[in-house]
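Asker: Structure in structure tokens, see below.
The values are calculated or read from the model by the stated rules, or taken from the named source; none is laboratory data. Quantities reported herein were computed from a predicted structural model and do not represent experimental measurements. Glycine also receives a Cβ, built like all others from the backbone with ideal geometry; neighbour counts cover every protein chain displayed. Side chains are part of the model used for accessible areas, which takes the heavy atoms of the whole protein and leaves out ligands, DNA and RNA. Shrake-Rupley method; radii C 1.70, N 1.55, O 1.52, S 1.80 Å.
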Amino acid sequence: MSRQLGDHHRRFLQTMMTIGITSEKEAKTLYQHCCETHKTQCAPDRLEEFIEAINSRLQPMFMQIRKGMSEEDGQQHYALVNTAETDITRMTSDYADNELELFRKIMDLIVSSENGKASSTDILNSADMMTSKKLKKGETQQLLLRLVQDKWLCESQGEYNLSTRCIIEMEPYIRAMYQDQVKVCHICHNMAFQCQICENPSCGIKIHNPCVARYFKGRMEPHCPACDDFWPHEIPEVRELHSLSKR
Amino acid sequence: MTQRKRPSNTLRLSQSKRQSNSVMTQEEDEDVTFTQPSSSQVQRGLEKLTPAQVDQKTAEVVQYILVKDQKKIPVRRAELVKNIVKDYRTVYPEIIKRAKRIFEQVFGLKLVEIDPKNHMYILVNNLDTPAAAASPVKCPSNPKTGLLFVILSVIFMKGGIVRENQIWNTLKKLRVDPGQRHEEFGDVRKVVTEEFVRQRYLEYTRIPHTEPIEYEFRWGHRADMEVSKAQILEFMGQLHEQDPRSWSQQYREAHTGSSSSQNASSSQTSSHASTSRK
């Protein structure tokens, strides 16, 4: 059902259009701010409902505020995404065809990698094998910079991974394109790129780093939740109270 | 100053291609051939379509305008008809009417026709902003906004029209030399005389009968819609430690809105000239 929106909804949406993605915590603050600005009653625990109301009017426009987890810190985030695969979506209007081809190649590299990352060397090499107009080395580097600026990719020490915004927005696409390859976290069942993998060859389940942290927290000897083999990886610290647990 | 922005990516690649002159001329030609259908034509057109078809087309138009507006470039009716509306041109007035309603009801934006002759649209913010409310969420701001604000201020304070040289001299005093590459803005002259003009923040016209050729600046349509003169005067007052009312003529113009149609609220939008356009 689509609902009537107030100015507090509209302001929230406008801010989302500016920032693209926000953590759940920030979203709550923003929700409160929007209600105060427009003197509307605010129920802090009803953010979901508030966003649902906006979505009811956005979805016919092929847009949505979608929730998803950050692989970095395990926190829930909201991202404003396009839901249409048409030729007028954001990426296609911002990037040339050959740049999109390289972006798809980067996705290939990331999805097929063990650790959810692609090195700049591998990316430069795959730029050499493009079918559309080839990108020069400098152009590829410029493109990578832009993809990071536009929050599609994240970079750290010469390696690139998909940003949280990108994972949330592209999830349907990635699941459709990489049906056989895409990994799913054993704990939260979302797609997993940066994760730990069970070393038992007949098991091999994946768990997001923040999910590992939460799952094994306080356990003396970590064992795989699927095959019960010893979990040989380093267990990261839980970063900040996970907002999901409050819900 | 930072409030509204849209899906935050902004790159001009495909855009700059669109700007090429040949395309523009072609679109202008198109527009001549596009005649606004009469209301009875629209009525008949609607009878042939299902409501879902019209909704779908409206959604496409909304998305197209949003994407274009990221770069602050006005959308031409001809381009809209050619790229999106296509076979639905007989019901074009109905589609635009619905799109306007969606922009207002869902996004808090107003679709404004800035040039009735060439039929160009821009989006401006439609929400009232109480002055005290700063958003708790940090929005990335565009450094060029400051540059634009200074230029608009100079034009406004000098009575609405300013010779090109006066702008360059003011900028030089602020250590922004149009002849040199600027760290943040790049080619300053190009940003001011091309980008701001294309976005309709500024008008840049040749002064007739001058030798050598000289140009002058005025406020563009978008500036009229989005930028608050009262806010500029407030800013000048702080800068010169002077009561804004002491510029009586400007004060009157800012507060009666004689040539500007908008209020302070829409000034918010001026800042969002999008982020990564560097």
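Asker: Evaluate the following for B:L202: is it open to solvent by less than 10 Å² (accessible area, probe 1.4 Å), touching a Phe, Trp or Tyr at 6+ places or on another chain (Cβ under 9 Å), under 30 Å from A:S23 (Cβ atoms) and without any contact (Cβ under 8 Å) to a residue 60 or more places away in the chain?
Answerer: For B:L202, the condition - open to solvent by less than 10 Å² (accessible area, probe 1.4 Å), touching a Phe, Trp or Tyr at 6+ places or on another chain (Cβ under 9 Å), under 30 Å from A:S23 (Cβ atoms) and without any contact (Cβ under 8 Å) to a residue 60 or more places away in the chain - is not met.
Asker: Can you run down the residue pairs with Cβ atoms below 6 Å, 6 or more apart or on separate chains, where the first is in region B:215-232 and touching a residue at least 60 places away in the same chain (Cβ under 8 Å) and the partner is of a type in the set (D, E, K, R)?
Answerer: The qualifying pairs are B:R218/B:E203; B:H221/B:R200; B:R222/B:R200.
Asker: Right, here's the next one. Restricting to region A:29-47, and then to whatever is open to solvent by 80 Å² or more (accessible area, probe 1.4 Å) and part of a helix (DSSP H, G or I), can you tell me which residue is farthest from B:I102 (Cα to Cα)?
Answerer: A:D45
Asker: Can you list residue pairs whose Cβ atoms sit under 6 Å apart, with the first residue in region B:35-51 being of a type outside the set (G, A, S) and the second being part of a helix (DSSP H, G or I)? Count only pairs 6 or more apart in sequence or on different chains.
Answerer: What qualifies is B:P37/B:T90; B:Q41/B:T90; B:V42/B:V91; B:V42/B:P93; B:V42/B:E94; B:L46/B:V91.
Asker: Quick check on region A:103-114. Is at least one of its residues on the phi < 0 side of the Ramachandran plot, in contact with a Lys or Arg (Cβ under 7 Å, 6 or more places away or on another chain) and within 14 Å of chain B (Cβ to nearest Cβ)?
Answerer: no
Asker: OK, next. For region B:56-66, give me each residue that is hydrophobic (A, V, I, L, M, F, W, C) and either within 11 Å of A:M61 (Cα to Cα) or open to solvent by 10 Å² or more (accessible area, probe 1.4 Å) (or both).
Answerer: The answer is B:A59, B:V61, B:V62, B:L66.
Asker: Of the conditions (1) in a helix (DSSP H, G or I); (2) away from chain B (no Cβ under 13 Å); (3) buried (at least 19 other Cβ atoms within 10 Å of the Cβ), A:R57 satisfies every one except a single condition; which number is it?
Answerer: Unmet condition: (2).
Asker: Right, another one. Quick check on my filter: what residues within region B:116-137 are at the interface with another protein chain (Cβ under 10 Å from one of its Cβ atoms) and modelled with pLDDT under 70?
Answerer: B:T129, B:P130, B:A132, B:A133, B:A134 - these are the residues of region B:116-137 that are at the interface with another protein chain (Cβ under 10 Å from one of its Cβ atoms) and modelled with pLDDT under 70.
Asker: Answer with yes or no whether A:N125 is surrounded by fewer than 22 Cβ atoms within 10 Å (Cβ to Cβ) and modelled with pLDDT under 90.
Answerer: no
Asker: Going residue by residue through region B:208-219, is there one that turns out to be in contact with a Leu (Cβ under 8 Å, 6 or more places away or on another chain) and open to solvent by 40 Å² or more (accessible area, probe 1.4 Å)?
Answerer: yes
Asker: If you don't mind, there's one more thing I want to ask. Any idea how many residues of region A:171-219 are open to solvent by 60 Å² or more (accessible area, probe 1.4 Å) and touching a helix residue (DSSP H, G or I) at 6+ places or on another chain (Cβ under 6 Å)?
Answerer: Result for region A:171-219: 1.
The rows are residues; the columns are (1) more than 26 Å from B:V192 (Cα to Cα); (2) within 14 Å of the chain's Cα centre (by Cα); (3) not assigned by TED's automatic domain parsing to the domain that holds B:F196.
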position	(1), (2), (3)
B:Q53	yes, no, yes
B:K72	no, yes, yes
B:K86	yes, no, yes
B:I102	yes, no, yes
B:K138	yes, no, no
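Asker: Can you spot a residue in region A:6-21 that is polar (S, T, N, Q), assigned by TED's automatic domain parsing to the domain that holds A:Q64 and not in a helix (DSSP H, G or I)?
Answerer: No, the conditions are met nowhere in region A:6-21.
Asker: Could you list all residues from region A:1-15 that are among the hydrophobic types (A, V, I, L, M, F, W, C) and within 9 Å of chain B (Cβ to nearest Cβ)?
Answerer: A:L5, A:L13, listed by residue number.
Asker: Within region A:16-36, take every residue that is among the charged types (D, E, K, R) and out of contact with any strand residue (DSSP E or B) (no Cβ under 7 Å at 6 or more places or on another chain) and give me the one that is nearest to the other protein chains (Cβ to nearest Cβ).
Answerer: Looking at the filtered set, the residue picked out is A:E26.
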